[in-house]
Amino acid sequence: MAEIELSVMERQCLRRRLADEFTLGTELVAWEKPRNDARVTIRWKFTKQDARRVFARYYPAPQD
């Protein structure tokens, strides 16, 4: 989830050169507040079945 949020932040807020650390902080707060106020969520497309298939050798199916 953190990687997804960092990617969104980079695309929406950090795609340009910022003059200094203060400007960076100001930009991040301006990006973060509306995002938090809107309660943006992540829609997962990787299902439990996908995970079982992809990671089967690491997490074997439980025995019934």
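The values are calculated or read from the model by the stated rules, or taken from the named source; none is laboratory data. This one's a predicted model, so the numbers in the text were calculated from it and none came from an experiment. Reconstructed Cβ throughout: ideal geometry from the backbone, glycine too, with neighbour counts over all protein chains shown.
From the list Pro60, Pro34, pick out the single residue that is out of contact with any helix residue (DSSP H, G or I) (no Cβ under 8 Å at 6 or more places or on another chain), free of Cβ contacts under 8 Å to residues at least 60 places away in the same chain and in a helix (DSSP H, G or I).
Values: Pro60 fails: in a helix (DSSP H, G or I).
None of the other options fit; the residue is Pro34.
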> In segment 9-27, which residue that is assigned to a helix (DSSP H, G or I) and touching a residue at least 12 places away in the same chain (Cβ under 8 Å) is surrounded by the fewest Cβ atoms within 10 Å (Cβ to Cβ)?
Replying inline: Gln12
>> Checking Ala2 against (1) over 13 Å from the mean Cα position of the chain (by Cα); (2) exposed (fewer than 10 other Cβ atoms within 10 Å of the Cβ), only one condition comes out false. Which one?
In response: (1)
> Among the residues of segment 28-62, how many are of a type in the set (Gly, Ala, Ser), farther than 30 Å from Leu14 by Cα and surrounded by 10 or more Cβ atoms within 10 Å (Cβ to Cβ)?
Replying inline: 2
>> Being out of contact with any Lys or Arg (no Cβ under 9 Å at 6 or more places or on another chain) and modelled with pLDDT under 90 is the requirement here; does Glu32 meet it?
In response: no
